[in-house]
Amino acid sequence: MDFQGNIVLKENYSFLVSDADGAARGGEKGLYDRDTRFLARYAWDLGEGFQTLLLHTPRPDTLHERRGRLRGHGQEVGVERELSLAAGKLSDVVTVENTSMERQELTLRLELGADFADLFEVRGWFAHAREAPTRQVTADAVTYRHRADDGVEQRVEVRFSWGPQRFEGETAVFEAQLQPGERLRIEVETILHNPVGSERPGPAYDAWRASFAELLGRSGTPALRQAVDDLRSLLLFTAEGPVLAAGIPWFVAAFGRDALLAAHLLLPDRRDVAEGTLRYFARLQARSNDPFRAAQPGKIPHEMRFGELARTGEVPHAPYYGTVDATALFVMLLGALEDSGADTLVEELAPAWKAALDWMTGPGDPDGDGFLEFVATTPHSGTGLSVQSWKDSGDSMAHADGTLATGAIAVCEVQGYAFAAYRAAAGFHRRLGDGDEADRWLERAERLKERFHAAFWLEDLGTYALALDGAKRPLAVKSSDAGQLLWTGIVPERVAGRLVTTLFDEDSFSGWGFRTLGARERRYNPVSYHNGSVWPHDTALIAAGLERYGFHEEARRVARAMLELADSQPDRRLPELVAGYPRRQEPPVPYPVACRPQAWDAAAAVYLSRLLDG
């Protein structure tokens, strides 16, 4: 159940967003597959007098509900409902039982409606005029059909095991008379016919989901159990292997940064996720220039969508490449996978990682100063990103006086990713037997490390600048980004202790985790997206950096705080983010629209559990 009390069921690319009673009546609710909403309305009306007796969602793909119509001290009629979602199919079994001593007359209604709207439309991000779908009614089924602007034909069939007596508009009406003790079972099966995306789940997908239970072997705490359940539900089936969707429900898609970081946090437990993620994004790697999609040869995508607007080019997400860091994270993950002792993909993916490095040392560094940069721009038609690092809200890159940075921006943690990627490249070349090339990449990494420290270190604050703006002026503020530098290894040992001290001061550490922006900064706002909130995945990466530099007790302090945060939540999840208020006796103040579950937070819970277990 999400923060608004909605029920979300998800399997592969299919998901259902309903209210707490399992009903979808317009708004953003409905039944989706690959970014298209097939059914906008799906809601039972059982008639007057029913009260909810039990509502249970034991798994992310199942809803169990019981209702009863009461008279006096007893139940006249009981209704049990089992709603389950598979890839491309929603199964709904409604069982009505007369538990009284008298005959009961019942009228049940199932409200239906299809619109085949693109997810970008549903969420209000883009407007699109479309014709209403066609509708065909038979004795035991209703079929809606839609032909998209690119010619793709989609349809949804709603089949009934016990046919409705009539239709009132688009509402199926079921009428029954039940004798005492008699039961009626109505099975409704909704089949989504979506030719978009050729991959369909099979035995391998089922095996991936089942095998995630192995992650519970260490402790099986409530937070870890929830994280593992979430990781299973977030899986996407691809021909290359398992890839994690970024979040449920609106981010059931492959996001480069999110998937790569989540796969990294799951190493060495789930090498198959890293392998599938690397192969998948290698296939989508840009091969040409396309300004609309922010594509340049060698870049790894930010986001891949399958809806009508993406397919017809009205939005740039098929795929969209507006990210400055996913390409370096791709090379980083490949290096970490090799270090974990897995069968290497270095030879297989050599064209991809070489193209990635070419982008990093070419178009990714447009002025040739050695730093990866993006140009802060106005989003293209409201569909692109003006900030292309992980803090991608438009007000996240600001100077100490609160003015927003402009021009080509070099964000600090991205340079750390590049440093780690260059060191990984040295290892790849050494594995391929080219020692001279390996030495050149090591030399490039060390040059970057020196130039980075000289340009970004803020002696008076004891930390690194959030970024450099287009005029190479540092954004001299305390931020969590500087903590991620420990994870990448770019911080010189001589200043690591001072940086750690700054990270744990009262401005930066809330008691739950690290604030994205220090509490005394001009733009600090504890209930903001990136200007003072606490993000668990960000804090987990900092914990990994603390461990890397030998600050073991500090790393465990952070891990304990994060898992206590998860335990404080009703669903035992690490949310996308929480407010940056100081920790007190009560749970952390929630961020109103935090995504839950989210891949990198579930992966962070697994990593932090592993860290505490030693």
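Since every read-out is calculated from the coordinates, none of them should be taken as a lab result. What you see is a predicted model; the values in this text were computed from it and never measured. For neighbour counting, all protein chains shown are included, and Cβ atoms are generated from backbone atoms with ideal geometry for every residue, glycine included.
Which entries of Lys29/Lys89; Lys354/Lys472; Lys354/Lys391 have Cα-Cα distances beyond 22 Å here?
On the way: Lys29/Lys89 17 Å; Lys354/Lys472 28 Å; Lys354/Lys391 27 Å.
Beyond 22 Å: Lys354/Lys472; Lys354/Lys391.
Can you give the FRET efficiency for Thr501 and Met101, using 1/(1 + (r/R0)^6), R0 = 51 Å, r = Cβ-Cβ distance, to the nearest 0.05?
The pair Thr501/Met101 has a calculated efficiency of 0.10.
With charges only on Cβ, +1 for K and R and -1 for D and E, what is the dipole size of region 87-144 about its Cα centre, in debye, rounded to 20?
On the way: 6 positive and 10 negative charges, 30 e Å.
So the dipole magnitude of region 87-144 works out to roughly 140 debye.
Once phi is turned into ³J(HN,Hα) by the Karplus curve 6.51 cos²θ - 1.76 cosθ + 1.60 with θ = phi - 60°, what whole-Hz value does each residue of region 488-498 show in order, with x for glycine and proline?
Each residue of region 488-498 in turn: 8, x, 7, 7, x, 4, 5, 10, 4, x, 5 Hz.
In whole Hz and in residue order, list the ³J(HN,Hα) couplings for region 563-575 that follow from phi through the Karplus curve 6.51 cos²θ - 1.76 cosθ + 1.60, θ = phi - 60°; x for Gly and Pro.
Karplus values, whole Hz, x for Gly and Pro: 6, 5, 4, 4, 5, 7, 8, x, 9, 6, 9, 7, x.
Given an 8 Å cut-off on Cα distances and at least 6 residues of separation, report the relative contact order of the chain as a percent. Write out the running numbers ahead of the final one.
Working: 1348 pairs, mean separation 61.8, N = 614.
Once normalised by length, the contact order is 10 percent.
Obtain the radius of gyration and the Kirkwood radius of region 306-456 from its C-alpha atoms and give Rg over Rh. Intermediate values should be presented prior to the final figure.
Details: Rg = 17.2 Å, Rh = 16.9 Å.
For region 306-456, the value is 1.02.
How do the peptides 385-393, 433-441 rank, highest first, by the average count of neighbouring beta carbon atoms within 10 Å per residue? Mind showing how you got there, number by number?
On the way: 385-393: 21.6, 433-441: 13.7.
Highest mean packing first, the order is 385-393, 433-441.
Nearest 20 debye, what's the magnitude of the dipole of region 537-614 about its Cα centre given +1 on Lys and Arg Cβ and -1 on Asp and Glu Cβ? Working shown, then result.
Numbers: 10 positive and 11 negative charges, 10 e Å.
The calculation lands at about 40 debye.
At Ser393 and Glu450, where each label point lies 7 Å from the Cα along Cα→Cβ, what is the point-to-point distance in nanometres?
Computed distance between label sites Ser393 and Glu450 equals 3.9 nm.
Please name whichever of Val558, Trp44, Ala24 sits farthest to the positive end of the charge dipole of the chain, dipole taken about the Cα centre and charges placed at Cβ: Lys and Arg +1, Asp and Glu -1.
Val558
Taking the Cβ of Ser533 as the center, what net charge do the other residues with Cβ under 15 Å away carry, scoring Lys and Arg +1 and Asp and Glu -1?
Numbers: positive: Lys391, Lys478, Arg515, Arg523, Arg583, Arg596; negative: Asp392, Asp395, Asp481, Asp507, Glu521, Asp538, Glu576, Asp601.
Neighbour charge sum, excluding Ser533 itself: -2.
Label points 7 Å out from Cα along the Cβ direction at Glu131 and Asp358: separation in nm?
With each label point 7 Å from Cα toward Cβ, the separation is 4.5 nm.
Which net charge results for the neighbourhood of Leu108, defined as the other residues with beta-carbon distances under 10 angstrom from its beta-carbon, given Lys and Arg at +1 and Asp and Glu at -1? Write out the running numbers ahead of the final one.
Details: positive: Arg109; negative: Asp45, Glu175.
Combined, the nearby Lys, Arg, Asp and Glu give -1.
In debye, nearest 20, what is the charge dipole magnitude of region 7-193 about its Cα centre with +1 on Lys and Arg Cβ and -1 on Asp and Glu Cβ, if you could check? Walk me through the numbers on the way to the answer.
Numbers: 25 positive and 33 negative charges, 26 e Å.
Using only the charged Cβ atoms, the result is roughly 120 debye.
Would you be so kind as to identify which of Val606, Leu235, Ala328 lies farthest towards the positive end of the dipole of the chain, taking Lys and Arg as +1 and Asp and Glu as -1 on Cβ and the Cα centre as origin?
Selected residue: Val606.
So, in Å, what gap is there between the alpha-carbon centers of region 310-326 and region 217-282?
21
For region 300-307, just list the computed ³J(HN,Hα) in residue order, Karplus coefficients 6.51, -1.76 and 1.60, θ = phi - 60°, integers in Hz, with x standing in for Gly and Pro.
Values, residue by residue: 8, x, 8, 7, 10, 10, 10, x Hz.
Hey, rough spin-label estimate for Glu553 and Arg71, points 7 angstrom out along Cα→Cβ, what's it come to in nanometres?
Computed distance between label sites Glu553 and Arg71 equals 7.1 nm.
For region 463-614, what class follows from the C-alpha gyration tensor (a ≥ b ≥ c being the square roots of its eigenvalues): rounded when a/c is under 1.5, otherwise prolate if a/b is larger than b/c, else oblate? Display every interim value, and only then the final one.
On the way: a/c = 1.78, a/b = 1.20, b/c = 1.48.
The shape class here is oblate.
Give the peptides 309-322, 536-549 in descending order of average Cβ contacts within 10 Å, highest first.
Working: 309-322: 22.5, 536-549: 24.7.
Sorting 309-322, 536-549 by mean packing, highest first, produces 536-549, 309-322.
Suppose we look only past 39 Å in the calculated P(r) of the chain. What percent of the Cα-Cα pairs does that tail hold? Intermediate results must be reported in sequence, preceding the final value.
On the way: 62434 of 188191 pairs.
For the chain, the share of Cα pairs beyond 39 Å comes to 33 percent.
Quick check on packing: order 285-296, 267-278 by the mean number of other C-beta atoms within 10 Å, highest mean leading.
Details: 285-296: 16.6, 267-278: 21.9.
Packing proxy ranking, top to bottom: 267-278, 285-296.
Using 0.36 nm per residue of separation minus the Cα-Cα distance, give me the extension gain between Asp434 and Leu612 in nm, one decimal.
Values: separation 178, 0.36 × 178 = 64.08 nm, distance 3.91 nm.
The span from Asp434 to Leu612 would gain 60.2 nm if fully extended.
What is the gain in length, in nm to one decimal, between Ala20 and Asp567 on full extension, counting 0.36 nm per residue of separation less the C-alpha to C-alpha distance?
On the way: separation 547, 0.36 × 547 = 196.92 nm, distance 2.28 nm.
Residue separation times 0.36 nm, minus the Cα-Cα distance, leaves 194.6 nm.
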